[in-house]
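Notes to accompany the following structure.
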Amino acid sequence: TFRDDPKLEAGEEIAPELFKAIQKSWCSVIVFSESYASSGWCLDELTEIVKQKKDKGRVFPVFYDVDPSDLRKQKGKVEEAFAEHEKRYDEDKVQRWRNALTQVANIKGWHLNHRHETEFIGDIVRKISAKLCETYPIAHDELVGISSRLEDLYAKIDIGEDDVRIIGICEMGGIGKTTLARVASTQMSPHFEGKSFLADVREVSNTRGLVSLQKQLLSEILPEECFNFFNVHEGNAIINHRLSNKKVLVVLDDVDNLQHLKCLVGRRDWFGLGSRIIVTTRDEHLLRSYGVDDVYKPTTLNAHEALQLFNLKAFNGEKRLENDFSDLSKRVLKYAGGLPLALEVLGSFLCGRDAAQWRSAIERLERDSNKEILDRLQISFDGLDQTEQDIFLDIACFFNGKEKDFVMKVLDGCEFFPDIGIDVLIKKSLLTVDEHKRLRMHDLLQEMGRKIVKEKSVAEPGKRCRLWAERDVYHVLTKNTVSHSIKTIYSSIKRSIIFIKCLSVHFKYR
């Protein structure tokens, strides 16, 4: 903590130590008094604070016997102070001061407003100390890229406020939603009266039922008590009755059903003021239909982060300079596409093996996908209705990267109702639309979809429902093995495109 205690006369230049303090501090608490604007020193300092901290939401204004609107509109004593400044300083400097003052005065802060000072100070300390959880060190070096993502998540959670807030974390499988939620809950837990982390909600509710999860929720927050009830309605009533006056932190991990939310967190008034509920899911529509306050969508790792995570797993963090490993690593990184799950699984598998084994493993990987990775991704596919599964497979096999309007016309002709179907896939984190209005699917999701099709008949392409590889199309048409199973052939042969839907006749290739 750095307390600004200037010994220089008002208007003199800020000392270098103060600039360093502003740059290194996590946040700045600015106390505005009646005479604040008369000090050029204070206004110089304020300008630097705005420059360094404003965009990160780490400026906390305190209005001490001064009306925030006087600062924003710069009237009264503030106006008088600036009239004096304009006599002494150049116009650009004074304008920078005015802009900085207006910006900070617009930030929600604390206004004394005839309150008792001890209560006022206590409120400031309580809320800022709650926000300091964002500065707690992360114990695990293997959590590459998590700091920036935590910062974005904390901005949505905002545990310094006294409302009850529900935040969703939503994206495709393997991107690190659970890890992010677990680290955040560990860091934030000291600021709550109780905490519950319900892992694998989808799986547990299917095997043990929602009542078991309700009991776990209550037992983790109230460990001294024993809860005996036998249906979700009783559980709802008990959660509401026992937790409505407690400030708690609840994490629901891997939710895929609206009933999970209704039976475990119900309404906001089930929990005391200041409570936070975090929900991880692959289904954005589920979160929106429930009415969460905000949704955070973590991104895949960038190139630097992906390389760092892969090195941790493949080389135990050591840098390998050999050309063989460097080139092979690039092939793995390209395959993983920044997905943390893929980087961890493949890095761990390759760890300790020599270059020849790496090369063999990667060549096999490029032909046959890693089962552990694709099984995790397929969970989202398995939860789709048949029509949406068909749309997903068509996009995975034929239309990844194609213009959305073109794909919609084709799918509409197949009576797949693409307006709702494509929206479902987007909300399920299986598909995106880029800035050029092209449909995009992560390479590993595309590979998963194509593998599902191939597994229908590994040896005979003619028995699969979709054909996209020219060698398979050539095989089916020249060997006359086309069957009623084939729904679509999409192949580029001499710049022409063949579309065949719902085939019921055999073809002879020419």
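The values are calculated or read from the model by the stated rules, or taken from the named source; none is laboratory data. This is a predicted model, so every value here is computed, not measured. Cβ coordinates were reconstructed from backbone atoms using ideal geometry, including for glycine residues, and neighbour counts include every protein chain displayed. Accessible surface areas use protein heavy atoms only, side chains included; no ligands, DNA or RNA. Shrake-Rupley method; radii C 1.70, N 1.55, O 1.52, S 1.80 Å.
The table for this structure:
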quantity: Relative contact order %, the chain, counting alpha carbon pairs below 8 Å whose residues are six or more apart; calculated: 10
quantity: For the chain, accessible area per residue (1.4 Å probe, heavy atoms of protein chains only), Å²; calculated: 53
quantity: For region 122-269: relative contact order, % (alpha-carbon pairs under 8 angstrom, 6 or more apart); calculated: 25
quantity: Phi-based couplings in Hz for region 408-414 (Karplus 6.51, -1.76, 1.60; Gly and Pro marked x); calculated: 4, 5, 5, 5, 5, x, 8
quantity: Three-way shape label, region 19-133, alpha-carbon gyration tensor, a/c 1.5; calculated: oblate
quantity: Label point distance in nm, residue 478-residue 433, each placed 7 Å from Cα along Cα→Cβ; calculated: 4.2
quantity: With all protein chains modelled, accessible area of residue 154 [1.4 Å, Å²]; calculated: 10
quantity: Accessible surface, 1.4 Å probe, highest first, among residues 263, 42; calculated: 42, 263
quantity: Calculated FRET efficiency for the pair residue 156/residue 15, C-beta based, R₀ 35 Å, to 0.05; calculated: 0.40
quantity: Distant alpha-carbon pairs in region 303-352 (separation over 15 angstrom), percent; calculated: 32
quantity: Sequence-distant residues sharing a close amide H with residue 251 (under 5 Å, placed H); calculated: 196, 197, 198, 278
quantity: Extension gain (nm, one decimal) between residue 186 and residue 233, 0.36 nm per residue minus Cα-Cα; calculated: 13.9 nm
quantity: Label-point gap, in nm, between residue 26 and residue 108 - each point 7 angstrom along Cα→Cβ; calculated: 2.1
quantity: Sequence of 295, 433 when ordered by accessible area, the most exposed leading, probe 1.4 angstrom; calculated: 433, 295
quantity: Net charge over other residues, Cβ less than 12 angstrom from the Cβ of residue 222 (K, R count +1; D, E count -1); calculated: 0
quantity: Reach of residue 334 by Cα under 17 Å, taken over lysines that are not fewer than 8 positions away in the same chain; calculated: 313
quantity: Label-reachable residues, region 158-177, where backbone N falls under 18 Å from a point 7 Å from residue 289's Cα toward its Cβ; calculated: 168-171
quantity: log10 of Debye I(q)/I(0), alpha-carbon scatterers only, for the chain at 0.07, 0.10, 0.12, 0.13 Å⁻¹; calculated: -0.57, -0.97, -1.17, -1.24
quantity: Chain lengthening between residue 3 and residue 245 when straightened (0.36 nm per residue, less Cα-Cα); calculated: 83.4 nm
quantity: R0 of 51 Å, Cβ-Cβ distance residue 351-residue 123: FRET efficiency to nearest 0.05; calculated: 0.50
quantity: Charge sum, other residues only, whose C-beta stays under 12 Å from residue 430's C-beta, Lys/Arg counted +1 and Asp/Glu -1; calculated: -2
quantity: For region 14-117: relative contact order, % (alpha-carbon pairs under 8 angstrom, 6 or more apart); calculated: 34
quantity: Accessible area, probe 1.4 Å, largest first, for residues 348, 275; calculated: 348, 275
quantity: Within the chain, helix-based [θ] at 222 nm, where runs of 4 or more DSSP H residues each add -39,500 (n - 2.57), nearest 500; calculated: -15000 deg cm²/dmol
quantity: Segment residue 95-residue 193, length gained on full extension (0.36 nm per residue, minus Cα span); calculated: 30.6 nm
quantity: Surface share of carbon and sulfur [accessible, 1.4 angstrom probe, percent] for the chain; calculated: 48
quantity: Debye equation applied to the C-alpha atoms of region 142-296, log10 I(q)/I(0) at 0.14, 0.15 Å⁻¹; calculated: -0.63, -0.73
quantity: Calculated from backbone phi, Karplus (6.51, -1.76, 1.60) coupling profile of region 18-34 in Hz, x at Gly/Pro; calculated: 6, 4, 4, 5, 5, 5, 8, 6, 6, 8, 10, 9, 10, 9, 8, 10, 4
quantity: Radius 15 Å from Cβ of residue 193, net charge of other residues (Lys, Arg +1; Asp, Glu -1); calculated: +2
quantity: Restraint check, 195/371; 409/456; 195/427, Cα-Cα greater than 31 Å; calculated: 195/371
